[in-house]
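Single-structure report; data block below.
The values are calculated or read from the model by the stated rules, or taken from the named source; none is laboratory data. Predicted model only: the values in this text are computed from it and were never measured. Cβ placement follows ideal geometry from the backbone for every residue including glycine, while neighbour counts extend to all protein chains displayed. Areas reflect the complete protein model, heavy atoms only, side chains present, ligands, DNA and RNA absent. Shrake-Rupley method; radii C 1.70, N 1.55, O 1.52, S 1.80 Å.
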Amino acid sequence: MSRQDWPLFEVFIRAKSGLSHRHVGSLHAADSSMAIDHARDLYTRRGEGVSIWVIESKDICASDPAESTALFEPAEDKIYRHPTFYEVPDGVENL
Amino acid sequence: MYTQGLDQKADGGATAADDAARLEQFQRRVDAEEKIEPKDWMPEAYRKTLVRQISQHAHSEIVGMLPEGNWITRAPTLRRKAILLAKVQDEAGHGLYLYSAAETLGVSRDDLVDQLLTGKAKYSSIFNYPTLTWADVGAIGWLVDGAAIMNQIPLCRCSYGPYARAMVRVCKEESFHQRQGYEIMLMLCRGSAEQKRMAQDALNRWWWPALMMFGPGDAESKHSAQSMAWKIKRFSNDELRQKFVDVTVPQADHLGIKMPDPDLKWNEEEEHYEFGEIDWQEFFEVLAGNGPCNKERLAARQEAHSGGAWVREAAAAYAEKQSRRAAA
């Protein structure tokens, strides 16, 4: 069997102008322009997008789930970062 | 889209290497309906079970293009041809979403494709039946896609994130498949006596294989308990099959055609249809490679793959040349 060995790309689609691109999946292609063509056929067959980003999967740097506690736990007890933390007396408006 | 409980040997429990504490934590996450993502720790057996299920599912989509593709050039009208083309293209897309989901578990696309082409991998038994008339295209959309939807909707809540997300996309696209099939049946049943006979004949041939798509009965299905515990599977094969029968029989009544099952009858008390014995011998024969079209399907895939080799090679050579030029 001949091997394909095309790299894997991650695909991001902007559903309509005004929205950010969102990860929708991945695909294989020989290069980035073919990846965009394939993404058009694979992820926008029903008008799901107006813009496509592709990036080779190997170029994405990701956080390690094993470190998620160290990364994200410090935010959990800082409830004063949310507006609901503060007292607003009855009758005071526009705060 | 076509998944099937093929119920091959599951990969037992955890291996000794799997740390008991991590295993417990994993199960707690699953029990709490948290999704498991590719880089998260998971038991080796969970990974293997998913790779097998998702890749079989992907292979089924790809092979599933063949029986219907057989009718694209002979579709009765331009409208039907455009619809059938779109449907078959969707099946290709579904296969690709699923291969990508399987790859997040650390297997390569090329290995998965090789497994299909060398006959090592299984795919849904239903695609080893021939499409003899145009009515078969209707019956496939109505029954085969109908059964697939029944199987796939619970998979949208599967514990493995990439599989669940692929299934959401697939299910969204799938309902048109079932409706266009039913519409074909409807047109035939409203047509001449000969057309209606054609619809009945297609139902006769596809009904039992469609019921087999849910996999062996629960008593035979020894390995689904683990898949249930891992929340890969949400309902048993028999539960899903019963649900399918219950929703499909009234649809046949509306068409004015009959399921080829003399034992089919409504059970007032249980509010379910009772149906006859499935010929499991036939199911296992087809699965073992002895169905009417197994050899033809595999040969068609092999030919498509080897015939397309030069395109893949040319694209790779072109990409390499472009990147060399960009670097220079």
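Exactly one residue out of B:Arg29, B:Arg22, B:Arg47, B:Arg79 is in a helix (DSSP H, G or I), under 26 Å from B:Ser125 (Cβ atoms), of a type in the set (D, E, K, R) and open to solvent by 40 Å² or more (accessible area, probe 1.4 Å): that is B:Arg47. Condition check for B:Ala327 on (1) at pLDDT below 95; (2) open to solvent by less than 100 Å² (accessible area, probe 1.4 Å); (3) more than 14 Å from every other protein chain (Cβ to nearest Cβ): one failure, at (3).
For every residue, the table says whether it meets (1) more than 14 Å from chain A (Cβ to nearest Cβ); (2) at pLDDT 95 or above; (3) closer than 20 Å to B:Thr248 by Cα.
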{"residue": "B:Asn267", "(1), (2), (3)": "yes, yes, yes"}
{"residue": "B:Glu271", "(1), (2), (3)": "yes, yes, yes"}
{"residue": "B:Glu274", "(1), (2), (3)": "yes, yes, yes"}
{"residue": "B:Glu282", "(1), (2), (3)": "yes, yes, no"}
{"residue": "B:Gly289", "(1), (2), (3)": "yes, no, no"}
{"residue": "B:Asn294", "(1), (2), (3)": "yes, yes, no"}
{"residue": "B:Leu298", "(1), (2), (3)": "no, yes, no"}
{"residue": "B:Ser306", "(1), (2), (3)": "no, yes, no"}
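Evaluation of B:Ile184 against the conditions (1) hydrophobic (A, V, I, L, M, F, W, C); (2) outside any loop (DSSP other than H, G, I, E, B); (3) under 16 Å from the mean Cα position of the chain (by Cα) shows that the sole unmet condition is (3). Within the stretch B:98-112, track down each residue that is among the acidic types (Asp, Glu) and either touching a Leu at 6+ places or on another chain (Cβ under 6 Å) or under 13 Å from B:Lys48 (Cα atoms) (or both). Listed by number, the list holds a single entry, B:Glu103.
Taking the criterion of being under 22 Å from B:Val144 (Cβ atoms), free of Cβ contacts under 8 Å to residues at least 40 places away in the same chain and more than 7 Å from every other protein chain (Cβ to nearest Cβ), the residues of the stretch B:91-109 that qualify are B:Ala92, B:Gly95. When the stretch B:261-293 is filtered for residues that are open to solvent by less than 70 Å² (accessible area, probe 1.4 Å), more than 26 Å from B:Pro250 (Cβ to Cβ) and either of a type in the set (Lys, Arg) or in contact with a Gly (Cβ under 9 Å, 6 or more places away or on another chain) (or both), the ones remaining, listed by number, are B:Trp280, B:Glu282, B:Gly289.
One line per residue, one yes/no per condition, for (1) within 14 Å of another protein chain (Cβ to nearest Cβ); (2) open to solvent by 70 Å² or more (accessible area, probe 1.4 Å); (3) out of contact with any Gly (no Cβ under 9 Å at 6 or more places or on another chain):
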site: A:Arg40; (1), (2), (3): yes, yes, no
site: A:Val54; (1), (2), (3): yes, no, yes
site: A:Lys58; (1), (2), (3): yes, yes, yes
site: A:Pro65; (1), (2), (3): yes, no, yes
site: A:Lys78; (1), (2), (3): no, no, yes
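Residues in the stretch B:244-260 that are within 21 Å of the chain's Cα centre (by Cα) and crowded, with 17+ Cβ neighbours inside 10 Å: B:Phe244, B:Val245, B:Thr248.
Restricted to the stretch B:50-76, and to residues there that are open to solvent by 20 Å² or more (accessible area, probe 1.4 Å) and not in a helix (DSSP H, G or I), the residue that is nearest to B:Cys293 (Cα to Cα) is B:Asn70. The set of residues in the stretch A:1-34 that are crowded, with 20+ Cβ neighbours inside 10 Å, aliphatic (A, V, I, L, M) and at the interface with chain B (Cβ under 10 Å from one of its Cβ atoms) comprises A:Val11, A:Val24, A:Leu27, A:Ala29, A:Ala30.
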